[in-house]
Each structure stands twice: as C-alpha cells, then as structure tokens.
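In what follows, a single structure is set out as structure tokens and then discussed.
The values are calculated or read from the model by the stated rules, or taken from the named source; none is laboratory data. Note that the coordinates shown come from a computational prediction; the quantities given were computed from them, not determined experimentally. Please note: Cβ atoms are built from the backbone with ideal geometry, for glycine as well, and neighbour counts cover all protein chains shown. Just the protein is used for accessible areas: all its heavy atoms, side chains included, with ligands, DNA and RNA removed. Shrake-Rupley method; radii C 1.70, N 1.55, O 1.52, S 1.80 Å.
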Amino acid sequence: IMQLKMNRPMYFQCSFNRRNLIYEVWEGKSKKYKVKDIINFIRSNYRNKPGIIYCSTTKDCYEYCTQLNNAAISAAPYHAKLPEPIRNKNQEDWMQDRVQIIIATIAFGMGINKADVRFVIHFNISKSIENYYQESGRAGRDGKPSHCIMLYNFSDRMKYYNIMISGGNHKITDLQVKSIFEIVKFC
C-alpha cells in the first residue's frame, strides 16, 4: 500500500485456515497401490465430483490418467509440455464438468477459480508448505467440505533433491533444503 502510494484502499484480511478443508496425509505405498487407494476414495466419497490430482512428472500424468479412465473415472492430463490447444481443451473440459479429474503437474492452477472442487490429491509431497497450501486451497472454494490429501513416501524427499541437482542447480540453497524438510516434517 505504501509503495503504490494508495489512498484509502479497501483492505481484506482473513485466516489461512478454511474449516471446510479436510487435510489428510496417507502413508506412501507403491504407485500401484496409491492408484487403487485413490480410485476407492473417489468412488466412495466423490463419485462424479470434480477434483485435481497433482503428480511430479508428465509421464505420471499420462499413467494415472490411463488408470483412472480404465476404472471408469474420467480424467485428462495437464502439463506444460502439452500443446497449448490440447492443454486449453483439457482445462475447459474440466471446468465445464465434461471431465471429472484433471491430473496435472504444478503447471496447473494459477487463475483457476472452480468453486466446487471436492478434492485435491498430491501423489507426491509438494516442494514446500507454501506450495501445498496454495495447491490444496483450490479445493472447496464454495465452502462445502472438501479433501486435501497428500500421499507421502520418504523417498520423495530424495526425488526432489535429485530433481534440483539435475536441473543444473548444483548449489542447492538452504531455503530449498529447508522447504523439503518442512514438508517432510508436516507429513
């Protein structure tokens, strides 16, 4: 407000705690069992209700989409490597409820305002508490009960560490390491 030299702006403040969000951490299993657990969860709790599933790689997006579609749960992939027309179509199909679930990398979500998202599932740990809060906060914007589930496997910690190194950043910052350890501690 001071830097923009705003004169009497409207100011809104609220808690980050949204009581309609149900947070759960599920202990990690193999991919095969993670998918089975998620299929059972969706069928039991949110049949035909919209949701988002985050995963760490584009390969996983396709693999999980195939498995959910084979289980008669409609899903579409979303990631930065998809051609823009396909990415836009998948997002629009999900926004218009023609597809129940969008399975995405972190490329998905900015600017998304779909109020009736009933669940946000992370197949892997998020890279930080802040990222997890932002991504899981896409659930239940209509105030109705919604689930935010993270599937935790201790090996995810090393996976992110290796991704950081392979990205050309051989000098991993203390902040990046701290972020990973904070999310592991949360789990």
Suppose we keep only residues that are over 27 Å from residue 68 (Cα atoms), hydrophobic (A, V, I, L, M, F, W, C) and modelled with pLDDT under 70 within the range 123-180. Which one would you say is most open to solvent (accessible area, probe 1.4 Å)? 165
Residue pairs, Cβ under 8 Å, 6 or more apart or interchain, first in the range 24-35 and within 15 Å of residue 148 (Cα to Cα), second open to solvent by 60 Å² or more (accessible area, probe 1.4 Å). List them. 25/186
Residue under question is residue 22, and the condition is that it be β-branched (Val, Ile, Thr), under 22 Å from residue 78 (Cβ atoms) and surrounded by 10 or more Cβ atoms within 10 Å (Cβ to Cβ); does it hold? no
Residue count, the range 28-56, condition under 17 Å from residue 132 (Cβ atoms) and either of a type in the set (S, T, N, Q) or loosely packed, with under 14 Cβ neighbours inside 10 Å (or both), comes to 1
From the set of residues in the range 65-80 that are of a type in the set (Gly, Ala, Ser) and surrounded by 15 or more Cβ atoms within 10 Å (Cβ to Cβ), which is farthest from residue 36 (Cα to Cα)? 76
